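Down below is the structure, laid out as structure tokens.
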Amino acid sequence: MTQGVLTLRAIYDEHVSFVWRALRRLGVRESDLPDAVQDVFLVVHRKLPEFEGRSKMTTWLFGIAMRVARDRMRLAHVRRQVGDEEAVLAYVDENADVAAQAERRQAVEILESILDALPMEQRAVFTLFELDGMSGEAIAELLEIPLGTVYSRLRLAREAFQRSVTRLRARQDRPPPPRVSAVRSKMREVSDEPSDEGIISPRRVTAGGAA
């Protein structure tokens, strides 16, 4: 048991920021992130004896994060949100037609609703590629899927995104916002690190997740 606790602590210390970012990208609300991170590491605690190292630790953790995010959205009936509001606002700032604060907020909500409609697998690839600026090869390695699958999901997500923007433009009779790729350079300027207040102690996770 002691070795298991130490292993969990090591995994937590090394990868908690990665899990935090993954959950944000997968649409977990900011206020729900601490609980969602704890949910992920509760699963890690239960499943750690089954982890044989056949996949990368980050791949395993991302898969758990996807399931946690999906379950939380389904059970709580909450809207997924874009992981980084500063990045979304930077996205909106590219369009002079939505410069006012009220319109910027509305545009954020619109972008959230568009991403909400994407299947989780497409959303993961879309946000990793367009918002985080990861290459197709890096995403394929992270998710352990063929490169062709990455680009297929990315294509489907982009098409769905553009269809939503087109419908929005038709309803509002206004130019569509710029493509999400406009955010990529700005995303690198924004910190995704969780605050100290959001970090959950591995000791809490272990105590709550013992089975």
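Bear in mind that the values in this text are calculations on the coordinates, not laboratory data. These figures come from a predicted structure and were not determined experimentally. Every residue, glycine as well, gets a Cβ built from its backbone with ideal geometry; the counts of neighbours run over all protein chains shown.
In table form, for the structure just shown:
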| item | result |
| --- | --- |
| Fewest-first ranking of PHE62, PHE126, PHE18, using other Cβ atoms within 10 Å as the exposure measure | PHE18, PHE126, PHE62 |
| FRET efficiency estimate (nearest 0.05) - Cβ-Cβ, ARG67 to GLU141, R0 22 angstrom | 0.65 |
| From phi via Karplus (6.51, -1.76, 1.60), per-residue ³J(HN,Hα) for the range 16-26 in Hz, x at Gly/Pro | 4, 5, 4, 5, 4, 5, 4, 5, 5, 5, 8 |
| Estimated vicinal HN-Hα couplings, Hz - the range 59-64 in sequence order (Karplus 6.51, -1.76, 1.60; Gly, Pro = x) | 5, 4, 5, 5, x, 5 |
| Low-density loop cleavage sites - trypsin sites (Lys or Arg not before Pro) in the range 1-70, where at most 11 other Cβ are within 10 Å (DSSP) | ARG54 |
